[in-house]
Amino acid sequence: MFLIPDSVVRFFHRLASPPHFYAFTEQLMPWLAAAFLLVTLAGLYGGLYLAPPDYQQGDSYRIIYIHVPSAWMSLFIYVIMAIAGAIGLIWRIKLAEIVAISSAPVGAGFTFIALVTGSLWGKPMWGTWWVWDARLTSELILLFLYLGVIGLYGAIEDKRVASKAVAILALVGVVNIPIIHYSVEWWNTLHQGPTVTKMDKPSIHVTMLVPLLLMALSFKLYYLIAMLQRARTELLRRERNSQWVRTMVVENEQ
Amino acid sequence: MKPARRQRLMLIALMVLGAGLATAFALKSFNDNLMYFFSTTDVVEGKAPRDALFRLGGMVIKGSVERPGDGLMVRFKLTDFSKDVTVEYTGILPDLFREGQGIVAHGRLNRQGVFIAEEVLAKHDENYMPPEVAGSLKNKSKTLAGQLP
């Protein structure tokens with residue numbers, strides 16, 4: 001902990017207290033929403049209007065502005081979920097548990113979008129909706145992992161116990177993340193290799209890359225908004241009998 | 001860090017490590033089954049199954065595509081830049097089928113060693129660029145080739 005400045009540590013300590021988290025995210029929300037709208041509009045305008053058509057695929061390639069950021073998010077959110085779950089297990093921080101479970105439906109949504117958009121693109125380009133190659137199969141397993149996390153959490157009555165069970169499932173499932181990322185390099189697959197996320201220079205023209213990165217940022221902001229809203233609701237549900245929630249409700253009624 | 005927390009951290013690290021190792025061994029032993037297609041070298045060296053359906057992947061050799069009949073029959077050569085295999089296919093090819101592009105065909109070998117495909121899928125590469133850039137790249141490689149003796 002000695003590497004992190006004191007002010008940052010204090011910020012996170014305060015954020016981990018439920019009333020402070022609730023008030024802080026409420027203030028944060030309009031800024032996040034404004035940033036999300038701005039970046040999304042810029043990304044969509046850049047991707048659908050400004051970016052030139054591809055030399056091979058024409059306009060059909062524009063699905064990457066949804067497909068690729070969704071696929072990135074499906075992995076990113078899973079890692080966040082597993083890390084938050086581990087923090088919840090080790091330090092027993094209630095908010096980490098809530099962040100972990102609030103991430104799951106958002107991640108499942110992005111995984112589903114990545115699978116569906118890929119399928120829609122695959123039919124005209126590859127000539128098939130679906131193949132059982134390593135990339136597509138491991139991404140489908142990721143969707144099942146997310147659904148497993150959501151289902152397991154719902155099945156256990158005591159939410160603190162449920163959070164522990166979910167965290168263990170999420171942590172074991174982490175092995176799937178490098179498999180998804182490297183599947184296109186370790187094995188022969190129909191899915192193409194990475195365009196942007198590799199050590200080499202991206203194999204995409206800069207006029208197409210900039211909107212793609214904007215869309216990736218936009219999806220990250222969307223995740224933050226959706227996850228925080230879910231976390232706030234879950235927090236209220238869990239803390240409904242605590243003093244700070246009562247005081248807040250009474251104050252709001254007056 | 002308190003001892004109880006340190007212990008939990010170690011347990012979690014061990015669990016993730018264990019799950020990772022188990023998966024790594026499992027994947028390693030099923031490595032061949034996870035390959036979506038055989039390469040042309042595999043076929044020439046006889047590693048691909050005889051008398052059974054399998055998938056063959058490779059790049060369509062430039063100038064090798066021919067249509068011998070009036071129908072939908074296409075014949076072309078696939079390569080992995082070391083060995084070539086001739087493929088015959090009757091049907092409609094996907095949008096991205098081009099000479100010089102990667103494809104994956106599903107079918108079987110006949111007695112002459114020609115691969116009779118029942119299905120042809122295009123394998124897209126990871127390059128994206130505007131048509132003008134692709135055009136100028138092509139011209140550049142042409143002039144470079146022209147300068148060579």
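The values are calculated or read from the model by the stated rules, or taken from the named source; none is laboratory data. What you see is a predicted model; the values in this text were computed from it and never measured. Here Cβ is always computed from backbone atoms with ideal geometry, including for glycine, and neighbour counts include all displayed protein chains. Calculation scope for accessible area: heavy atoms of the full protein, side chains included, ligands and nucleic acids excluded. Shrake-Rupley method; radii C 1.70, N 1.55, O 1.52, S 1.80 Å.
Among the residues of region A:171-202, those with an accessible-area drop of 50 Å² or more from chain alone to full protein complex, heavy atoms and 1.4 Å probe, are A:L171, A:V175, A:W187, A:N188, A:L190, A:Q192. Judged by the ratio a/c of the largest to the smallest principal axis of the C-alpha gyration tensor, region A:17-253 counts as oblate, that ratio being 1.5 or greater while a/b is no larger than b/c.
Evaluated at 25 °C with a viscosity of 0.890 mPa s, what Stokes-Einstein diffusion coefficient in µm²/s does the protein assembly as shown have when Rh comes from the Kirkwood expression over alpha-carbon pairs? Walk me through the intermediate numbers first.
Working: Rh = 24.5 Å.
For the chosen part, D equals 100 µm²/s.
So which chymotrypsin sites (Phe, Trp or Tyr not before Pro) in region B:55-125 are both in a DSSP loop and have at most 14 other Cβ atoms within 10 Å of their Cβ?
Values: sites: B:F76, B:F81, B:Y89, B:F97, B:F115; in loops: B:F81, B:F97.
Hits after loop and neighbour filter: B:F81.
When you filter the trypsin sites (Lys or Arg not before Pro) in region A:123-208 for DSSP loop state and at most 15 other Cβ atoms inside 10 Å of their Cβ, you are left with A:K198.
Here the protein assembly as shown exposes an accessible surface that is 65 percent carbon and sulfur, computed with a 1.4 Å probe and the other protein chains kept in place. Among the listed pairs B:K2/B:K28; A:K123/B:K62; B:K28/B:K77, those with a Cα-Cα distance over 29 Å are B:K2/B:K28; B:K28/B:K77. Longest span of chain A, sites excluded, free of chymotrypsin sites (Phe, Trp or Tyr not before Pro) in DSSP loop with at most 12 other C-beta atoms within 10 Å? My reading of the result: A:3-128 is the longest stretch.
Show that you can apply the helix-only estimate: for chain A, add -39,500 (n - 2.57) for every DSSP H stretch of four or more residues, divide by all residues, and state [θ] at 222 nm to the nearest 500.
On the way: 9 runs with 190 residues, N = 254.
Computed ellipticity for chain A at 222 nm equals -26000 deg cm²/dmol.
So what's region B:37-147 giving for Rg/Rh, alpha carbon basis, Kirkwood Rh from the mean inverse pair distance?
On the way: Rg = 15.5 Å, Rh = 15.1 Å.
Expressed as Rg/Rh, it is 1.03.
Centroid-to-centroid, using Cα positions, region A:5-59 and region B:87-128 are 43 Å apart.
Run through region B:1-51 and list the chymotrypsin sites (Phe, Trp or Tyr not before Pro) located in a DSSP loop whose Cβ has at most 16 other Cβ atoms within 10 Å.
Those that pass, being in a loop and sparsely packed, are B:F30.
Would region B:1-52 count as rounded, prolate or oblate if I go by the C-alpha gyration tensor, calling it rounded below 1.5 in a/c and otherwise prolate when a/b exceeds b/c, oblate otherwise? Cα axes put region B:1-52 in the prolate bin. Between the helical axis of B:3-29 and the longest alpha-carbon principal axis of chain B there is an angle of about 30 degrees.
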